[in-house]
Amino acid sequence: MTAELPVHISREGLHSLEVPNAIEVDGSFVVRLINHGQSLHVHLHLDDALSEVAMLDAGNHFVEGDSERHIRIDVDTERVDENLLGKLKVAAGHGSKTRYVDVSISEPEPIRKEVEVDESLAKPQPAPANPGLIQQPEFLALGLSAVGLLVAGIAGMVVGNLIVVLGAVVGFVGILITIASLDNRI
């Protein structure tokens with residue numbers, strides 16, 4: 001679950017900011033801008049230490065009156081090699097109200113890359129059953145080709161074209177030879 005930093009705006013008075021003093025995260029987090037008053041702009045800024053590993057798409061964020069807006073701060077956890085402490089600046093009312101939040105980014109837990117193998121992998125697995133001729137796609141393709149050549153041969157006889165009939169017979173014999181060789185392979 002992504003960590004959240006709630007920021008209450010204009011709850012105590014115009015442009016007032018209620019923000020926790022600190023947040024601890026181990027990756028990306030969301031700043032929840034909760035506006036209890038009129039529409040306004042809220043400025044977010046990452047200090048130098050945070051900006052080395054975190055990214056904020058934009059600094060200024062418009063928040064409608066009596067609404068909530070979520071701003072994601074992406075943290076590149078691969079660049080965090082130890083606990084990092086930085087500050088997030090939150091400002092409202094054109095900077096008249098400003099708060100700083102200590103952001104502590106802890107080194108993420110190492111991802112376990114081991115694969116557990118049990119004893120069942122050492123036992124021989126049963127051979128798969130030999131599928132029937134019709135269940136194999138090459139036989140289906142050859143069968144359809146044979147039907148097509150048979151239709152072509154019949155059409156050649158009806159039309160009276162001896163070359164078409166001979167071509168169909170040669171193709172049909174070729175398909176039968178192929179089926180016989182595939183059948184021996186199984």
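The values are calculated or read from the model by the stated rules, or taken from the named source; none is laboratory data. Quantities reported herein were computed from a predicted structural model and do not represent experimental measurements. Heads up, the Cβs are rebuilt from the backbone with ideal geometry, glycines too, and the neighbour counts pull from every protein chain shown.
Things to note:
- Scanning segment 96-108 for residues that are assigned to a loop (DSSP other than H, G, I, E, B) and not hydroxyl-bearing (Ser, Thr, Tyr) turns up Glu107, Pro108.
- Candidate set: segment 17-32, residues that are closer than 16 Å to Leu85 by Cβ and in a strand (DSSP E or B); chosen: the one nearest to the chain's Cα centre (by Cα): Phe29
- Where Asp81 falls short, out of the listed (1) over 30 Å from Glu109 (Cβ atoms); (2) over 25 Å from the mean Cα position of the chain (by Cα); (3) of a type outside the set (A, V, I, L, M, F, W, C): (1)
- In the set Leu85, Leu50, only one residue is part of a strand (DSSP E or B) and either hydrophobic (A, V, I, L, M, F, W, C) or at pLDDT 90 or above (or both); that residue is Leu85.
- Subset of segment 11-44 [free of Cβ contacts under 8 Å to residues at least 40 places away in the same chain and small (Gly, Ala, Ser)]: Gly13, Gly37, Ser39
- When Ser39, Ser51 are checked against the criterion of being over 29 Å from the mean Cα position of the chain (by Cα), surrounded by fewer than 13 Cβ atoms within 10 Å (Cβ to Cβ) and either of a type outside the set (Lys, Arg) or over 13 Å from Ile105 (Cα atoms) (or both), Ser39 stands alone in meeting it.
- Lone qualifier among Asp26, Asp57 - being among the charged types (D, E, K, R), within 17 Å of Val101 (Cβ to Cβ) and at pLDDT below 95: Asp26
- Answer from Ile154, Ile134, Ile111 - the residue that is modelled with pLDDT under 75, of a type outside the set (Phe, Trp, Tyr) and in a helix (DSSP H, G or I): Ile134
- Unmet requirement for Asp74, which otherwise passes all of (1) outside any loop (DSSP other than H, G, I, E, B); (2) free of Cβ contacts under 8 Å to residues at least 24 places away in the same chain; (3) in contact with a strand residue (DSSP E or B) (Cβ under 8 Å, 6 or more places away or on another chain); (4) of a type outside the set (A, V, I, L, M): (2)
- Scope segment 45-62; condition among the hydrophobic types (A, V, I, L, M, F, W, C) and either touching a residue at least 60 places away in the same chain (Cβ under 8 Å) or over 20 Å from Val80 (Cβ atoms) (or both); matching residues: Ala58, Phe62
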